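The values are calculated or read from the model by the stated rules, or taken from the named source; none is laboratory data. Given the structure is predicted, the values throughout are model-derived calculations rather than measurements. Positions of Cβ are generated from backbone atoms using ideal geometry, with glycine treated the same way; all protein chains shown enter the neighbour counts. When the accessible area is computed, the model is the full protein with side chains, heavy atoms only, and any ligands, DNA or RNA have been set aside. Shrake-Rupley method; radii C 1.70, N 1.55, O 1.52, S 1.80 Å.
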Amino acid sequence: MEGMLNILKPPGMTSHDVVDFIRKIYNIRKVGHTGTLDPDAAGILPVCVGNATKFVSYLLEHDKRYRFEITFGFTTDTLDKSGKIVKGGPVRILREEELRQVLNEFKGKIKQIPPMYSAKKIKGKKLYEYAREGKTIDIPPIEVTIYDIELVEYEPPYRVLIDVKCSKGTYVRALVRDICEKLNMPGYMSMLIRTEVGAFKIEDAYTLEEIREKKVLLQPIDKFIELPSVQLNKMEAEKILKGQFIQNRYPIETSLLKLYDNNGKFLGIGILERNKIRPKRLL
């Protein structure tokens, strides 16, 4: 048994809780997700089952889309609704033009400092572990890309709803913090939904109830690996499956590619080196 599940994670569960749920439903140990969602967040959580877990690393680079809500009035230590209030302040009515102008300032490559309550590791230790110990630490900024950010709805003066498309590694809570700083108003992330992860769309996601009732079919892993593909002849496929290299006779330039046998069966990932293709990760 192997394949992918496009799961609609409910709020209140950790990503690991979802993995445990899938293990019990399918009675299989080899299950892994392709990108953590905070417990309070909902939305897409792609999960690999069986031998598909071998390819988790090839699904981590996907761009993502989120819809999130900012509530103005106070800030929390975790930057979301689960944290303790650390600061309050006055709230003013914003002009939508001002809001859009501020959001536009975040488009492109930006530097952001990860939240203190996050799993980002500094000196071999997760940031939230420092936070729980009451320690402060210098956090170096990371570079991420905001491809698009749009105002969806504004309910003056306290609530704003925003859509964003961003690169891997973007912290939406940090984005909320920085937007609030630009607006000079305290605020926190009161809602987060992940609506897209690469080829995974929220409209195609399944609830845990649907999975429990086994109304969900596993999707082939190669469908979601965004790499060029080549179909090998019988002799080439046999060599690849034995761990041997083959001569490259295909018009490809990228170093990684999906390999299929002469019947169209997915074999795994190959790597192109010096005009030779060798297996990198086989199913």
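Taking the Kirkwood radius as Rh and the Cα radius of gyration as Rg, region 1-106 has a ratio of Rg/Rh equal to 1.12. Take every pair of alpha-carbon atoms less than 8 Å apart whose residues are at least six positions apart; their mean separation over the length of the chain yields a relative contact order of 22 percent. Pairs over the 32 Å Cα-Cα cut-off, from the set K54/K135; K81/K123; K107/K276; K9/K276; K126/K165; K120/K201: K54/K135; K107/K276; K9/K276. Rg over Rh for region 125-191 works out to 1.02, both radii taken from alpha-carbon positions and Rh defined as the Kirkwood radius. Note on the chain: Kirkwood radius taken over Cα pairs, Stokes-Einstein applied at 37 °C and 0.692 mPa s, translational D equal to 156 µm² s⁻¹.
Taking a cut-off of 17 Å, what percent of all Cα-Cα pairs in region 226-280 are separated by more than that? Everything past 17 Å amounts to 21 percent.
The relative contact order of region 226-280, computed from alpha carbon pairs under 8 Å that lie at least 6 residues apart in sequence, is 38 percent. Multiplying the residue separation of L218 and K24 by 0.36 nm and removing their Cα-Cα distance gives an extension gain of 68.3 nm.
In the chain, a dipole from Cβ-located charges (positive for Lys and Arg, negative for Asp and Glu) runs towards its positive end, and of I110, I149, F68 it is I110 whose Cα lies farthest in that direction. For the chain, the share of DSSP beta bridges that are antiparallel, to the nearest 5, is 90%. Once backbone amide H atoms are built at 1.01 Å from N, A41 has G12 as its partners under 5 Å, excluding neighbours fewer than 5 places away on the same chain. Can you classify region 62-193 as rounded, prolate or oblate using the Cα gyration tensor, where a ≥ b ≥ c are the square roots of its eigenvalues, rounded means a/c under 1.5, and otherwise it's prolate if a/b beats b/c and oblate if not? Oblate is the answer for region 62-193, as a/c is 1.5 or above yet b/c matches or exceeds a/b.
Of the peptides 91-104, 197-210, the order by per-residue mean of other Cβ atoms within 10 Å, starting with the highest, comes out as 197-210, 91-104.
When the chain is treated as a GNM with alpha-carbon contacts under 10 Å, the residue of P11, P140, P157 showing the greatest mean-square fluctuation is P140.
Using the average count of surrounding beta-carbon atoms within 10 Å as a protection proxy, the listed peptides 110-117, 146-153 rank, highest first, as 110-117, 146-153. Which percent of the accessible heavy-atom area of region 3-149 goes to carbon and sulfur, probe 1.4 angstrom? So the carbon and sulfur contribution to the accessible surface is 51 percent. Over region 1-135, Cα pairs under 8 Å with separation of 6+ residues give a relative contact order of 18 percent.
For T78, the residues whose modelled amide H falls within less than 5 Å of its own, excluding neighbours fewer than 5 places apart on the same chain, are G83, K84.
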